[in-house]
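The values are calculated or read from the model by the stated rules, or taken from the named source; none is laboratory data. The model shown is predicted, which means the values in this text are computed figures rather than measured ones. Cβ atoms come from the backbone with ideal geometry, glycine included; neighbour counts cover every protein chain shown. What goes into the accessible areas is simple: the full protein's heavy atoms, side chains included, and nothing from ligands, DNA or RNA. Shrake-Rupley method; radii C 1.70, N 1.55, O 1.52, S 1.80 Å.
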Amino acid sequence: MIQADNHLFALHTKNTTYAFIADEAGNLVNLHYGERISMEGQGMEALRQKASNQNGCSIIADTALPNQCLDDVCMELGTHGVGDMREPFVELVYEDGSKTSDFRYESFFIEKKRSLIGMPSAYDEQDKAESLTIIMKEKNHDVRLELVYSVFEDCDCITRYAVLRNDGEESVKVLRLMSAQMDLPMAEAKVTSFHGDWTREMGRYDVVLQAGKYVSDSLTGYSSNKSNPFIMLANVETTEDYGSCYASNFIYSGNHRECVEMGGHGKLRFLTGIHPDTFEWHMESGDVLEAPEAVLTYSAKGYQGISQQMHAFVREHIVRGQWKRKVRPILLNSWEAAYFNFKESNLCKLAKTAKEVGIELFVLDDGWFGKRNSDASSLGDWYDNAEKLPQGLAGLSAKIREMGLEFGIWVEPEMISEDSDLYRAHPDWAVRIPGQSHACGRNQMVLDFSQREVQDYMIEAMSDVFTRGQVSYVKWDMNRHMSDFYSQGLEVNRQGEFAHRYMLGLYRVLYYLVKRFPHILFEGCASGGNRFDLGILCYMPQIWASDNTDAISRGVIQNGYSYGYPQSVMGAHVSGCPNHQTLRVTPLATRFAIACGGLLGYECNLCDMKKEELSEIAEQIALYKEWRETLQFGQLYRLKGVRRAPFDTDVVRWNIVGKDAERAVGIVLQGQVIPNYSHHCFKTKGLDDEKQYHFYNIPVKYDIHRMGDLVNTISPVHIKQDSLVHDVVAKFVKLDGEVEDVTVSGSLLNHSGVHLAQSFAGTGFGTNTSLYQDYDAKMYFMESVKHT
């Protein structure tokens, strides 16, 4: 709900209020952002900061408020030159070279939420969301700045973006136009941001800020694996379930900057938007410039409260199209099974085995086009490699679909190889500075999507691939950072626009392809999580979370994503062991359990697997299909806090609760075992206290190889460890795994927990003993008694 009355503006969601005023001088001053409040009576006056005397060193911008220094006020819009010494929201250079901007309130209007022009944005399927637009007029120039606020009441989220209009005759140079500013009366804050690199995305980092600035940003050309645009600001005492917390995310896929600044008067300023270091925009008379949209949210229920609100926002107001609520297929990707070395016959054999174990979608990864036998050539040459695929994509796809599988394909449309027919024909389509040597990443250059003819070419090239392959799924990859920010299609004085124009070009390509092929399930990928952001999710309902498929690493990575993104957008695969990124060996059951915390797929050579492993995979897939709706679209709760308690060896603990809390799945991943610590308890979140639940596991038979030469404590004859005799005995003799099977109340599960079977601790393997050793994972299932 939007309240607008006598220069007071209040944006109310289900549980929050965001309130500000246009003061007597025309400045926008924030009054409150937090739990929902009523503004009745003298609410506006009560919330206003009182100013009866000037501060020392004050700069007073307007005699209408002779004691108000803007550096000591919570503003909605900060600029330089009028006394506000903090980071500015907007920076402009006028034709006379001056940089002072003084925007004052002019008017407002309220309308239904609309889409941005040429960029992804939040939407409301029910068309209930409203937007408040505040029009600010620059005091000395004919330039207007529109601040747009949209309210999504259902998930306690507010979005913001800005529109700059040059209504004058003179040109204006834009050095900075951010998307959201949030000034808060906080003298200190715990800033939580997420950082990493290739194969180790989304590491959580906490910094307590009491003075100065904290910046999380990307200058890689993309949102990046180095610093995700999602960020949280909280009271120092805030925990997973308790305390005030704010969060922001950015609906954009390019360079970004999130800055948290602690001013000198006990006030915090947060800014998010396009990174100004690679942004400069020239506006002639009549030009309009829109900034991308950002999303803000507040919760009094700690980080978990933030996650629930952000998950709901992403699911309902970012992801769209036919796959929004549709369960995702279980796929097999060919990459780690074959890399570049394959023929059609190998692929068909792999697909046949995949079908036998229950896989639903076969995905052909890199190496199928041009002369692509390594990463050194052929990007841009999107014609079939006849040596590998004698009947082309069409022939392979037909064979795969005849097996009863859907067919998917890997592409990397934004890149070009120097050794390619496309580069030889159009060297000016590559991002590079003419006459200078250029830097390559993965032996490739970036294709210049800021150029319209490049966009048009790629729309048609990809349309041809998708059509002749009759594809149902596309893995859209992007495997390098940008180095040169330069376009051979832009004028010299427009080169500062390249990074943003590239993104606008990418979004145009995606828009037309998704519109042409609405049935295709698109999965974003950028060397894993190098472009895991809300901008991409507006076109592609899921993103490959990381090239690292190691279960231990993936548990940490997916847990990091879970703060701002639901598991329904995270691609997660079971791969072979030793793992191809870490060489770590983990049980197949562990790899499956962690992949269930995302969108399950497999990426391994099924043809080389043992019969027992294939049988286990078939059982996994059957189980997943039974619980797929809950695992993909249930609410994920983190059961493990950031602080590591004594004797806490778990890497992650999750509880995924389905619709109406009727069903739930618990997933626990052990790190390294602690000796003589064998009693564990599984305590949930999110279940209905009033319901009764059947809590159980799927009993397993343990391979006696896991006991090593301890097998001799129960064997009538001596068995040499890892000998042929050991292998033969293991085929016929298994150890009975633990059984968990109780019916209890939701209140017991939520507030006390179920004590589990004792783990092996070196003193024997008795009845109902659990093997919960290094890198083991456990899955627990909960169904309401009524549901069963």
Options I698, I714: the member that is under 24 Å from L623 (Cα atoms) and open to solvent by 70 Å² or more (accessible area, probe 1.4 Å): I698
Scope region 661-681; condition surrounded by 16 or more Cβ atoms within 10 Å (Cβ to Cβ) and either in a loop (DSSP other than H, G, I, E, B) or of a type outside the set (G, A, S) (or both); matching residues: E662, R663, V665, I667, V668, L669, Q670, G671, V673, S678, H680
Residue in region 19-43 that is farthest from Y246 (Cα to Cα), counting only those that are under 31 Å from the mean Cα position of the chain (by Cα) and of a type in the set (G, A, S): A19
Selection count, region 720-751, where residues are more than 24 Å from Y772 (Cβ to Cβ) and either of a type in the set (D, E, K, R) or free of Cβ contacts under 8 Å to residues at least 40 places away in the same chain (or both): 8
Neighbours by Cβ (under 6 Å, 6+ apart or cross-chain): first from region 68-80, in a loop (DSSP other than H, G, I, E, B); second at pLDDT below 95: Q68/A51; G78/D84
Residue among C74, C69 that alone is closer than 23 Å to K137 by Cα and touching a Lys or Arg at 6+ places or on another chain (Cβ under 8 Å): C74
Selection count, region 394-419, where residues are over 17 Å from W335 (Cα atoms), open to solvent by less than 10 Å² (accessible area, probe 1.4 Å) and of a type in the set (D, E): 1
Selected residue (only one of F103, F109 is closer than 18 Å to L8 by Cα, of a type outside the set (A, V, I, L, M) and open to solvent by 50 Å² or more (accessible area, probe 1.4 Å)): F109
Wholly enclosed strands (runs of 3 or more DSSP E) of region 232-281 bearing at least 3 residues closer than 24 Å to K173 by Cα: 256-262, 268-274
Some residue of region 641-651 being open to solvent by 30 Å² or more (accessible area, probe 1.4 Å) and closer than 20 Å to A312 by Cα: no
Test: residue in region 595-612 that is charged (D, E, K, R) and under 20 Å from M310 (Cα atoms): no
Tally of residues being of a type in the set (V, I, T), assigned to a loop (DSSP other than H, G, I, E, B) and out of contact with any Leu (no Cβ under 6 Å at 6 or more places or on another chain) across region 286-318: 0
Filter pass, S58 being without any contact (Cβ under 8 Å) to a residue 24 or more places away in the chain and in a loop (DSSP other than H, G, I, E, B): no
Tabulated pairs, region 277-298, first touching a residue at least 60 places away in the same chain (Cβ under 8 Å) and of a type in the set (V, I, T), second assigned to a strand (DSSP E or B) and buried (at least 24 other Cβ atoms within 10 Å of the Cβ), C-beta under 6 angstrom, 6+ apart or interchain: V295/C157; V295/T159; V295/N249; T297/C157; T297/A247
D722 of a type outside the set (G, A, S) and closer than 21 Å to A551 by Cα: no
Tally, over region 205-261, of residues that are of a type in the set (A, V, I, L, M), open to solvent by 10 Å² or more (accessible area, probe 1.4 Å) and under 22 Å from V314 (Cα atoms): 0
Pairs with Cβ under 8 Å, 6+ apart, first in region 566-577 and in a helix (DSSP H, G or I) and at pLDDT 95 or above, second of a type in the set (K, R) and open to solvent by 10 Å² or more (accessible area, probe 1.4 Å): S568/R315
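Of these, E87, E170, E106, E146, which one is among the acidic types (D, E), more than 30 Å from Y539 (Cα to Cα) and assigned to a strand (DSSP E or B)?
Exactly one of E87, E170, E106, E146 is among the acidic types (D, E), more than 30 Å from Y539 (Cα to Cα) and assigned to a strand (DSSP E or B), namely E106.
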Every residue from region 131-167 that is open to solvent by 10 Å² or more (accessible area, probe 1.4 Å), farther than 30 Å from I318 by Cβ and touching a strand residue (DSSP E or B) at 6+ places or on another chain (Cβ under 7 Å): K137, K139, H141, D167
Helices (runs of 4 or more DSSP H) enclosed by region 444-557 - at least 3 residues per element that are surrounded by fewer than 24 Cβ atoms within 10 Å (Cβ to Cβ) and not acidic (D, E): 452-468, 498-516
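The rows are residues; the columns are (1) surrounded by fewer than 24 Cβ atoms within 10 Å (Cβ to Cβ); (2) over 28 Å from S345 (Cα atoms); (3) touching a residue at least 24 places away in the same chain (Cβ under 8 Å); (4) among the small types (G, A, S).
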{"position": "N579", "(1), (2), (3), (4)": "yes, no, yes, no"}
{"position": "L583", "(1), (2), (3), (4)": "yes, yes, no, no"}
{"position": "A589", "(1), (2), (3), (4)": "yes, yes, yes, yes"}
{"position": "A593", "(1), (2), (3), (4)": "no, yes, yes, yes"}
{"position": "C596", "(1), (2), (3), (4)": "no, yes, yes, no"}
{"position": "C607", "(1), (2), (3), (4)": "yes, no, yes, no"}
{"position": "K610", "(1), (2), (3), (4)": "yes, no, no, no"}
{"position": "L614", "(1), (2), (3), (4)": "yes, no, yes, no"}
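A quick yes/no check of all residues on (1) among the aliphatic types (A, V, I, L, M); (2) surrounded by fewer than 23 Cβ atoms within 10 Å (Cβ to Cβ):
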| site | (1), (2) |
| --- | --- |
| A291 | yes, no |
| A312 | yes, yes |
| H317 | no, no |
| E336 | no, yes |
| E344 | no, yes |
| K349 | no, yes |
| V363 | yes, no |
Residue count, region 10-29 (criterion: out of contact with any Gly (no Cβ under 9 Å at 6 or more places or on another chain), open to solvent by less than 20 Å² (accessible area, probe 1.4 Å), at negative phi and not hydrophobic (A, V, I, L, M, F, W, C)): 4
Candidate set from region 747-788 (those that are outside any loop (DSSP other than H, G, I, E, B), at pLDDT 95 or above and polar (S, T, N, Q)); member that is nearest to C681 (Cα to Cα): N750
Test: T63 is surrounded by 22 or more Cβ atoms within 10 Å (Cβ to Cβ), free of Cβ contacts under 8 Å to residues at least 40 places away in the same chain and among the hydroxyl-bearing types (S, T, Y): no
Enumeration of residues in region 176-202 that are in contact with a helix residue (DSSP H, G or I) (Cβ under 6 Å, 6 or more places away or on another chain) and either open to solvent by 10 Å² or more (accessible area, probe 1.4 Å) or outside any strand (DSSP E or B) (or both): R176, E201, M202
Residue list for region 682-695, filter: in a strand (DSSP E or B) and either open to solvent by 30 Å² or more (accessible area, probe 1.4 Å) or small (G, A, S) (or both): Q692, H694
